[in-house]
Each structure stands twice: as C-alpha cells, then as structure tokens.
Amino acid sequence: MKKKIYSYENQELEVTWDLKRCIHAKECVHGLPEVFDVNRKPWIDPDQESDSEKIVETIERCPTGALQYHFKNKENPEQPPSKNKLVIAEDGPLYAYGNLKVVDSEGNEVMRETRLAFCRCGASSNKPLCDNSHIEAGFESGCSYNPERLELEPQEEQGGELLIKLIDNAPFVVEGNYELVGGDQCTETQKRMSFCRCGASANKPFCDGSHKKIGFQTT
Ligand code: SF4
Ligand code: FES
C-alpha cells in the first residue's frame, strides 16, 4: 500500500490527508467548504473553522479514511460505529465502516481503521484500497447481491471486531458481524464471506473462483 500523507494544524488539532487514499468522494468539500477548498493552497486550512468538533464530524464522514485527525491535548475521540457495515458502491469500491482489523494471508495486522474503501475492479495500483481506477477500467458491477448467499440468521450480537483477511492473488475474507448494503438491499449477517477483488466474478460482490482463471495478481 502506498501512502503520501500531508499534515495541517490549528492550535487544537492536527488533520492529516493521505493523497493515495483519497478518491475525491468530496464529503469534505461539501461538508465544510471553508476548511476543505480545492481551489486554495493549502487546500485544507483548519483555522477557517473555530469549532474543531465540526471539523472532526466532517472528517469522520470521509469514506476512505484519507482524512484523519488527532487532538493535541486529548485522546482521539473517534469510535467505530455500533454496527460494522459494508457498502457496495455501484461500479465502484466496497466501503467498509466499523471496527476493522485488516490482516495479510499470514494473519499479520496491516491496518486497524474505522473507514476504508476496498478495490473491487482489480485495477487499483494501491491494492487492497481503491484508487479510482475503476473509472478508467470501465468497471461495471452494479451494487445488488444475492442475499441467499448470506444465510439470514438472527443476530444475537452486533458490532465487535470485523476481521478482513487479504488472501494473496485472491479475494478478501470477512469474519464477524456486519451489515451488507447494496442499493436498497440490506442484510445483517455473521456469515464468513469471500469478496471478489479481481473484478471478474460473475457473482459480485462475492468471489466465485474466477481470480484463478484470469491469473489475478495482488502485487
Ligand atoms: S472525503 Fe475523503 S476521499 Fe472524499 S475528497 Fe475528502 S479526503 Fe478525499
Ligand atoms: S477475487 Fe474475484 S472471483 Fe475471486
């Protein structure tokens, strides 16, 4: 994974922005245009808003986690949402929100986050994360899914850690409690599922083994 992190400060807060993770979803620009202004240099200026809580609220809506914040004199208050959620973007990434622990094939932790956007088209040069390559690749996937694959079971627990295991040259596997959202479909489940990240599955967003046929490489 690539990183290019820029830092912006006011007296209370440090805001960081990872250029490699930003896919220009524009939540920031629409949420607080005085602070996040792409026509200004630097484009982020936390001094433009005296209420740091408003900056924090906007940052927490950044769906990729490109924007993060750190209070200088107190604990970082960002908490994962009470439910883990995976949201399928039409012809785009899989957004993950929650108590996310991402591990590699050997189980080594590679990220612990509350907001991430995973590549689904297979074309990102920043795998496993989305870098907007789906646009140039003309990725067409819709956002619906077959709910029968998720075996609807009553949920006793919600939240908790969502483990996302990146399998080399293959899908990522999700374990834990989560809600899968695609368009107006929404299913709560605890089913361990493999999500396609090569772009070739005929049963998106789930893996159907097509990554082997196309010789998908994750590095
Ligand atoms: S909300 Fe996040 S991903 Fe979207 S433009 Fe702002 S920094 Fe980039
Ligand atoms: S990762 Fe795409 S079909 Fe398995």
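What follows draws every value from the coordinates through simple rules; no lab data is involved. Quick caveat, the model's predicted, so the values are computed rather than measured. Positions of Cβ are generated from backbone atoms using ideal geometry, with glycine treated the same way; all protein chains shown enter the neighbour counts.
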FRET E, pair Lys212, Glu161, Förster distance 25 Å, beta-carbon r, rounded to 0.05: 0.25
In the chain, once you exclude exposed trypsin sites (Lys or Arg not before Pro) (DSSP loop, at most 10 other Cβ within 10 angstrom), what's the longest stretch remaining? 75-219
Among DSSP bridges having both ends in the stretch 48-185, what percentage is antiparallel? Round to the nearest 5. 70
Distance between the C-alpha centers of the stretch 66-98 and the stretch 160-203? Whole Å please. 17
Under a point spin-label approximation (7 Å from Cα along Cα-to-Cβ), what is the Ser50-Val173 distance to one decimal in nm? 5.5
Given a Förster distance of 22 Å, report the FRET efficiency between Val110 and Gln79 from their Cβ-Cβ distance, rounded to the nearest 0.05. 0.55
Enumerate the aspartates and glutamates that Lys101 could reach by cross-link, defined here as Cα to Cα under 15 Å, with residues fewer than 8 away along the same chain left out. Glu109, Glu113, Glu161, Glu175
Going toward the positive end of the dipole of the chain, with +1 on Lys and Arg Cβ and -1 on Asp and Glu Cβ, which of Asn169, Tyr145, Asn203 do you reach last? Asn169
Full extension from Phe71 to Glu12: what is 0.36 nm times the residue separation minus their Cα-Cα distance, to one decimal in nm? 20.6 nm
How large is the translational diffusion coefficient of the chain in µm² per second when you combine the Kirkwood radius over alpha carbon pairs with Stokes-Einstein at 25 °C and 0.890 mPa s? 135
Length-normalised contact order of the stretch 85-214 in % [C-alpha pairs under 8 Å, at least 6 apart]: 25
By counting other Cβ atoms within 10 Å of each Cβ, how are Ser125, Ser133 ranked from fewest to most? Ser125, Ser133
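What is the magnitude of the charge dipole of the stretch 5-71 about its Cα centre, with +1 placed on the Cβ of each Lys and Arg, -1 on the Cβ of each Asp and Glu, and no other charges, expressed in debye to the nearest 20?
480
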Estimated FRET transfer efficiency (Arg149, Thr219; beta-carbon r; R0 22 Å; 0.05): 0.20
